[in-house]
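No value in this document is a laboratory result; all are computed from the given coordinates. Owing to the predicted nature of the structure, the values given are computational and were not obtained by experimental measurement. Methodologically, a virtual Cβ is constructed for each residue, glycine included, from the backbone with ideal geometry; neighbour enumeration extends over all protein chains shown.
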Amino acid sequence: MKILIVYAHPEPTSFNHALKDKAVQILQKGNNEVIVSDLYNQKFNPTANWNDFKMIDPNLPRQYSVIQRDAYLKHQLAEDIQKEQDKLRWGDVVIFQFPLWWFGLPAILKGWFDRIFAAGYAYDKEKWFSTGLLHPRKALLSVTTQSPLSAYQPDGIHGDIKQFFKPIHHTLRFVGLSPLEPFVAYAVMNIDLQERKRYLTNYQLHLDKQILQRRI
Ligand code: FAD
């Protein structure tokens, strides 16, 4: 099995980094191969703009997704986009490792979605959901929070954590990626070392159940 981890955290001593390393260690066993896209380390540019295209057909309307599709089909997307697309195409599973920032993706990862899930590459007319161009790959969100589990219950101050995953999962489904059960490590800054170690063990069990045992 081939697994891509898209990792979005700026700090190598962070708990997100530890979760990313745990996944690499666990998933590399057997015949599996793992690649990491370390977005901060790569200085990934998250801003979709006209520099994303080596050539722009002057006859096309100045609409990002229209030019994106044309550039993809003519192999005219910027090199950094092509590299990420190649990695995603190579994988059977993609794991997104990130801290919950404002109840969603950190901007660097949102920008990765904007630029990598290109028209023509990830989806096209009538090529979405079950016919999305990244089908039949799987995707798993691995997320950390500051607020505790109790805050993310239906009656907690934020409400059910699932509501924040819904728009992300919808995007993944749109391009044909089937979401696996997410993993959440709550309040990682406020719990003690033993609890954090337990999260690392639980993540190992989660990956085993969601990915390794399924033999995706
Ligand atoms: P860190 O603080 O890096 O790590 C936590 C602890 O784990 C540290 O003590 C670290 O030393 C320790 N650690 C590291 N490696 C290991 C290891 N191998 N074993 C054991 N311990 C280890 N939170 C919310 O709940 N909801 C939000 O909407 C939200 N929005 C935010 C928006 C912004 C812009 C920012 C900056 C933060 C926001 N937060 C929010 C908080 C954010 O989600 C947390 O800061 C983040 O999840 C913590 O993860 P971390 O990896 O940065 O933790």
Note to self, the chain gives a 222 nm [θ] from helices alone (DSSP H runs n ≥ 4, -39500 (n - 2.57) apiece, / all residues, nearest 500) of -10500 deg cm²/dmol
Of Ile108, Ile35, Ile56, the one that fluctuates the most in a GNM where the chain has Cα springs shorter than 10 Å: Ile56
Enter the mean projected area of the convex hull around the alpha-carbon atoms of the chain, in nm², rounded to one decimal. 12.6 nm²
Wrap a convex hull around the Cα atoms of segment 101-216, take a quarter of its surface area, and give that in square nanometres. 8.2 nm²
Arrange Phe96, Phe15 by Cβ neighbour counts within 10 Å, fewest through most, would you? Phe15, Phe96
For Glu33, Glu126, order by how many other beta-carbon atoms lie within 10 Å, fewest first: Glu126, Glu33
Cross-link reach list, lysines versus Lys20, counting only Cα pairs under 28 Å and skipping chain neighbours closer than eight places: Lys2, Lys29, Lys43, Lys83, Lys87, Lys110, Lys138, Lys162, Lys166, Lys197, Lys209
The chain: antiparallel DSSP beta bridges as a percent of all, rounded to 5: 10 percent
Sorted by Cβ neighbour density within 10 Å, fewest at the top, the residues Met1, Met189: Met189, Met1
